[in-house]
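Rule-based calculations on the coordinates, nothing more; no lab input. Small disclaimer: the values here were computed from a predicted structure and weren't measured. We place every Cβ from the backbone using ideal geometry, glycine too, and count neighbours over all the protein chains shown.
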Amino acid sequence: MSSQESCVADQKIEDRQKIAIVTGGTGGIGFATSKGLAAQGYNLILGYYSDSENAKKCEQELKTDFKIQVRTIGGDVCEEDTVNSYFKCLNEMNGTLTAIVHTAGLYTPDSVSKNPDTHFTTFETYDYFQNIYPKCFIRLVETGMKLMEDGYGYIVCLSSPGCNINDQTRLGYMMPGTGKCVLEYLSRHYAKMLAKRRITCNCIVPGYIHTKPWKQLEAKLGPDIGCVRTPMGRWGQPEEVGDFISYLCSPKASFLTGATIPFDGGLSLGK
């Protein structure tokens, strides 16, 4: 490709009306990702669970700061109707689906235990985490990939430390962990499946990121847990993860696919 042809291609990318679906897009890492995508000119469909007041605040902030289209949709991503509502909204917007980012998650008292003997709770809890992580992701990608243009698609999901063989197993994290390890497989599966279409799919593994769920856990696990367990000796910030995810949803990362990437200040390196 000549330099002139390259410039034309780059301009085509900039001129496209890009739309991103971000589950959990109004909180923590999700909202940080939304801001990073908005800075690239993405119009946004943001899923949230139930806090409509916060969703309205986030929507207004993004519209004011970035002059983009923003839609917020409430509902449990475990439910098929919620995911369908994202795509119904997409059909009502002017643009093309270009990115899917699955950051939604939910902390419950059963999510993490310090006692490895209490790692399993109920199959109801197990099924819930399977629904919120892999099943939702499958619904998003199976529908969304049909709407993406070849060469202009980016898919990202989030896992957690201890969910693959590159990190030590965390026995107290069995319930959500068994859902997130499936996400890691699915990200590689879809990466290979969509490679010929030049649509990327990657998985990020954040470490101790100072978000609301971790602030809730500090009372149980100690206020300095993120600093103590992270080799860099500090908490990660949502904006750091969000900026990296937004990079993965850009042409600059168009040759990176099928990767499971620790974003953890060295946590995965072990003690």
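Counting other Cβ atoms within 10 Å of each Cβ, which trypsin sites (Lys or Arg not before Pro) in the range 37-75 have at most 10 and sit in a DSSP loop?
Those that pass, being in a loop and sparsely packed, are 67.
Any chance you could run the full-extension gain for residue 221 through residue 60? It's 0.36 nm times the residue separation minus the Cα-Cα distance, nm to one decimal.
54.4 nm
Using a cut-off of 14 Å between beta-carbons, work out the net charge of the residues near residue 195 (Lys and Arg +1, Asp and Glu -1, residue 195 not included).
Summing Lys and Arg as +1 and Asp and Glu as -1 gives +4.
Of 56/212; 35/56; 88/146; 67/212; 35/192; 18/63, which pairs sit farther than 24 Å apart, going by alpha carbon to alpha carbon? Present the calculation step by step, with values, prior to reporting the outcome.
On the way: 56/212 18 Å; 35/56 15 Å; 88/146 14 Å; 67/212 27 Å; 35/192 29 Å; 18/63 15 Å.
From the list (56/212; 35/56; 88/146; 67/212; 35/192; 18/63), the Cα-Cα distance tops 24 Å for 67/212; 35/192.
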